[in-house]
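So the structure is just underneath, and the comments pick up after that.
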Amino acid sequence: MSDKPHPYEEGKRAGIHPLIVVFGVLFGLWLFVFLIVPSSKNKQVAGTEGPTGPTIEDPEAAPVLFKVHTTILDMNAISLTVPPEATDSQVVGLLKRFKQDRLSGTLSELLPATTPGHKLGDHAVADIYIVSDVKFAQADVIRTLTRGAHAPGNLYPQAVPFETAMEAIRGHYRIDLNDTGNPDSASLGFADESGVHSRQYRKVF
């Protein structure tokens with residue numbers, strides 16, 4: 001009889017321990033998920049919402065000078081011009097100043113009324129557009145922006161296209177005191193109510 005041990009002996013386990021197999025399978029599945037399936041942090045959410053990162057501000061930025069260019073009462077809209085060299089920080093500072101004046105009831109000292117005689121005040125509803133190029137402060141451009149991206153293009157065939165006008169907006173401040181949950185919103189760049197936004201869009205508040 002051979003002295004070689006028999007591959008199977010009573011009371012001894014043959015092959016790999018089952019727990020090792022189970023843990024090996026679990027580790028393999030985890031590795032597959034970790035390496036192959038993209039992390040939720042890396043997924044790009046589909047949609048039209050703009051970047052949500054914080055805007056870069058310079059607290060030492062000097063206040064920027066602005067000029068009221070156009071007021072369109074039937075659309076509760078105002079266009080303002082600021083110098084082309086105005087920084088984003090200065091535009092943010094201007095937007096925040098408008099909000100502070102709105103809260104203190106002194107916005108009418110800076111801007112013409114968009115809802116004169118309204119029970120909620122002279123700026124109960126307002127869209128304030130800030131541009132650097134005066135040609136985008138014209139009434140027809142502001143009307144295009146106020147109507148939004150999805151308005152029929154043949155309404156005003158001679159108007160500046162929405163996409164072009166949108167990219168010229170340096171800042172936008174929207175007031176709606178009828179919306180008690182969110183009466184103020186402002187951004188660098190521009191986004192309409194449907195979420196279509198300019199490349200430089202950044203929410204300020």
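The values are calculated or read from the model by the stated rules, or taken from the named source; none is laboratory data. Keep in mind it's a predicted model, so treat the numbers as computed, not measured. No Cβ is skipped: glycine too gets one built from the backbone with ideal geometry, and neighbour counts run over all protein chains shown. Remember, those area values only see protein heavy atoms, side chains included, never the ligands or the DNA or RNA. Shrake-Rupley method; radii C 1.70, N 1.55, O 1.52, S 1.80 Å.
The single condition among (1) at pLDDT below 95; (2) in contact with an Asp or Glu (Cβ under 7 Å, 6 or more places away or on another chain) that Lys99 does not satisfy is (1). Of Ala168, Ala126, Ala149, all but one fail to be farther than 20 Å from Pro84 by Cβ and in contact with a Phe, Trp or Tyr (Cβ under 6 Å, 6 or more places away or on another chain); the exception is Ala149.
Here's the yes/no breakdown for (1) closer than 24 Å to Asp88 by Cα; (2) out of contact with any strand residue (DSSP E or B) (no Cβ under 6 Å at 6 or more places or on another chain); (3) open to solvent by 10 Å² or more (accessible area, probe 1.4 Å):
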position: Asp101; (1), (2), (3): yes, yes, yes
position: Ala113; (1), (2), (3): no, yes, yes
position: Val141; (1), (2), (3): yes, yes, no
position: Ala168; (1), (2), (3): yes, no, yes
position: His172; (1), (2), (3): yes, no, yes
position: Ile175; (1), (2), (3): yes, no, no
position: Gly181; (1), (2), (3): no, yes, yes
position: Tyr201; (1), (2), (3): yes, no, yes
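Here is a yes/no grid of residues against (1) hydroxyl-bearing (Ser, Thr, Tyr); (2) without any contact (Cβ under 8 Å) to a residue 40 or more places away in the chain; (3) assigned to a loop (DSSP other than H, G, I, E, B):
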{"site": "Ala86", "(1), (2), (3)": "no, no, yes"}
{"site": "Arg97", "(1), (2), (3)": "no, yes, no"}
{"site": "Gln100", "(1), (2), (3)": "no, yes, no"}
{"site": "Ser108", "(1), (2), (3)": "yes, yes, no"}
{"site": "Pro112", "(1), (2), (3)": "no, no, yes"}
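Looking only at region 116-151, count how many residues are more than 24 Å from Thr164 (Cβ to Cβ), in contact (Cβ under 8 Å) with a residue 40 or more places away in the chain and in contact with a helix residue (DSSP H, G or I) (Cβ under 9 Å, 6 or more places away or on another chain). Break it down stepwise before answering.
Applying the first criterion (more than 24 Å from Thr164 (Cβ to Cβ)) to region 116-151 yields 116-125.
Now drop any that are not in contact (Cβ under 8 Å) with a residue 40 or more places away in the chain, which leaves 116, 120-121, 123-125.
Cutting the leftovers down to in contact with a helix residue (DSSP H, G or I) (Cβ under 9 Å, 6 or more places away or on another chain) gives us 116, 121, 123.
Result for region 116-151: 3.
Checking each residue in region 156-193 for being closer than 19 Å to Arg102 by Cα, among the acidic types (Asp, Glu) and in contact (Cβ under 8 Å) with a residue 24 or more places away in the chain picks out Asp176, Asp184. Considered as a group, the residues in region 73-84 that are open to solvent by 10 Å² or more (accessible area, probe 1.4 Å) and in contact (Cβ under 8 Å) with a residue 40 or more places away in the chain include one that is farthest from Gly117 (Cα to Cα), and that residue is Pro84.
I need a count of the residues in region 118-177 that are of a type in the set (S, T, N, Q) and in a loop (DSSP other than H, G, I, E, B). Can you show your working first?
Here is the first cut: in region 118-177, the residues of a type in the set (S, T, N, Q) are 132, 138, 144, 146, 154, 158, 164.
With the extra rule that they be in a loop (DSSP other than H, G, I, E, B), the set shrinks to 132, 138, 158.
Total meeting the criteria: 3.
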